[in-house]
Amino acid sequence: MSPAVRPAEVRWYVDADLLGLARLLVQVRTDVTFPGDPGGGRGRRQRPPCPITSPATKDTTWIPEVTGRGWLIITRDRNISVHRAEIAAVRDNGARMVTLSGREAIGTWAQLEVLMSRWRDVEALLDEAGPFIYTATRTRLTQVDLTG
């Protein structure tokens, strides 16, 4: 990197089930990464390559890695409240996760609409300590019970 280029601070990790959305987001934000991201950015801010090199990386590997870096996870799972193993991984690693939920989060355009509709609420979660999971729809952000 030239002296004029500074590394971007990554704050968001977009899971492999949202690669289309992730590829859109990195076009306009240097603080977003995804599995297999070669790095890059715009102008003077460049993000490094993602340490999760493959979209096939198991949850038990990438969740601790992403959490250890302080990144907030964005994923898609319309039935997260019944996926006890994923909830346990979030809880055990102190992860912070927002899952795009419902039928309205199918397809890249709809996923972008859900995320942008709730963006200010989701962005405020950067200041919260984990573990937590919130489900996001166009109209609501709802916390998932991690104790059950």
| request: Pairs only if they're at least six apart or on different chains, beta carbon under 8 angstrom, first in region 68-88 and outside any helix (DSSP H, G or I) and modelled with pLDDT under 75, second surrounded by 12 or more Cβ atoms within 10 Å (Cβ to Cβ) and acidic (Asp, Glu); list them, first residue then second. | output: 83/77
| Residues in region 34-67 that are hydroxyl-bearing (Ser, Thr, Tyr) and at pLDDT 95 or above: how many? | 3
| request: Mind counting the residues in region 92-148 that are in a strand (DSSP E or B) and either more than 14 Å from the chain's Cα centre (by Cα) or exposed (fewer than 15 other Cβ atoms within 10 Å of the Cβ) (or both)? | output: 3
| message | What are the pairs with Cβ atoms under 6 angstrom where one residue, in region 96-119, is in contact (Cβ under 8 Å) with a residue 24 or more places away in the chain and the other, located anywhere, is polar (S, T, N, Q)? Sequence gap at least six, or different chains. | response | 99/75; 99/135; 100/111; 101/135; 101/137; 102/137; 105/111
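The values are calculated or read from the model by the stated rules, or taken from the named source; none is laboratory data. Predicted, not measured: the structure shown is a model, and the values here were computed from it. Cβ coordinates were reconstructed from backbone atoms using ideal geometry, including for glycine residues, and neighbour counts include every protein chain displayed.
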